[in-house]
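Notes follow once the structure below has been shown.
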Amino acid sequence: MKQPVQRRLAAILAADVAGDSRLIGADEGGTLQGFKAIKVELFDPAIAAHNGRLVKTTGDGFLVEFSSVVDALHCATEIQAHMAERNVAVPTGKRLDFRIGINVGDIVVEGGDIFGDGVNVAVRLEGLADPGGICVSARVQEDATGKLGLAFEDLGEQRLKNIARPVRVYRVLAGAAISWRDRAPLPLPNKPSIAVLPFANMSGDPEQDYFVDGTVEEIITALSRYPSLFVIARNSSFTFKGRAINVTQVGHELGVRYVLEGAIRKAGSRIRVTAQLVEAEGGNHI
């Protein structure tokens, strides 16, 4: 039975190997083996860690769907950073350099595959990226600004093949990530302030992520009922989901004195919740 067609808004990541024809011509077996190894060792774990869905491989590349622009861009920058480290020990003529394009827009979902301008623009942006680089649309740049500490170069409006309208394109500047330590901290409010971070899902079942996130939202809502507390909204605290951070960084970036973090394990009808309240500035458990 044919599956129904669905439409949804998504962030799309398109990646491929720069100069793949040259690499395959020089060493077909080695290039394909290297591509498969990178998929298993790097792409698959990075996509899973940032809540993405690998739609398909395209011979020398990948097409990935994310529900979050921040997750898509975080995944892309992590992949490119690891590839740069990996290529240090590889001779120049044998290096696999990926180009990545990211767009956010309406897509059509049919039989697990995705179609539409949202996808087509991502693929064209990937073609504009330098080897080892990332190009994004204006919507991606706007949504990600201030959330990942990245710098962007405005490449202006570009005419993309088979895309009716011009698209404003930004290049993610390599090595231009700004450390949170180099930015001035947000001032603390004049009453106790707290951020509730996304809890870790310890159940081993990705489907439990919705339950875990919902529990954290309930905690945030409950704390928000106390007028004596300053509570960071979900949209801000959840930008740290899947990121390697420490509580001092959270306090610095969100302007809070305290951070609540924890984990949830669900097995059958039993639920185990662990949580710890931490002083952000010193990292001391309260």
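The values are calculated or read from the model by the stated rules, or taken from the named source; none is laboratory data. Everything numeric here is computed off the predicted structure, so don't read it as measured data. Ideal geometry is used to build each Cβ from the backbone, glycine not excepted, and the neighbour counts take in all protein chains shown.
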Item to check | Single condition Ser237 does not satisfy, out of (1) surrounded by 19 or more Cβ atoms within 10 Å (Cβ to Cβ); (2) part of a loop (DSSP other than H, G, I, E, B); (3) not β-branched (Val, Ile, Thr) | outcome: (2)
Checklist outcome for this item: Among residues of region 117-161 being more than 25 Å from Ser67 (Cβ to Cβ) and among the basic types (Lys, Arg), the residue surrounded by the fewest Cβ atoms within 10 Å (Cβ to Cβ) is Lys161
Next on the checklist: Just to be sure I understand the filter: pairs with C-beta atoms under 8 Å, separated by 6 or more residues or on different chains, first member in region 69-91 and part of a helix (DSSP H, G or I), second member of a type in the set (S, T, N, Q). Which pairs pass?
Outcome noted: Val70/Thr239; Asp71/Asn51
Checklist entry - So how many residues does region 6-44 have that are modelled with pLDDT of 70 or more and closer than 28 Å to Gly116 by Cβ? => result 19
Checklist entry - Inside region 240-286, can you point out the residues that are crowded, with 19+ Cβ neighbours inside 10 Å and hydrophobic (A, V, I, L, M, F, W, C)? => result Phe240, Val247, Val250, Leu254, Val256, Val259, Leu260, Ile264, Val278, Ala280
Item to check | Of all residues in region 191-234 being hydroxyl-bearing (Ser, Thr, Tyr) and either assigned to a loop (DSSP other than H, G, I, E, B) or in contact with a helix residue (DSSP H, G or I) (Cβ under 8 Å, 6 or more places away or on another chain) (or both), the one that is farthest from Val259 (Cα to Cα) | outcome: Ser203
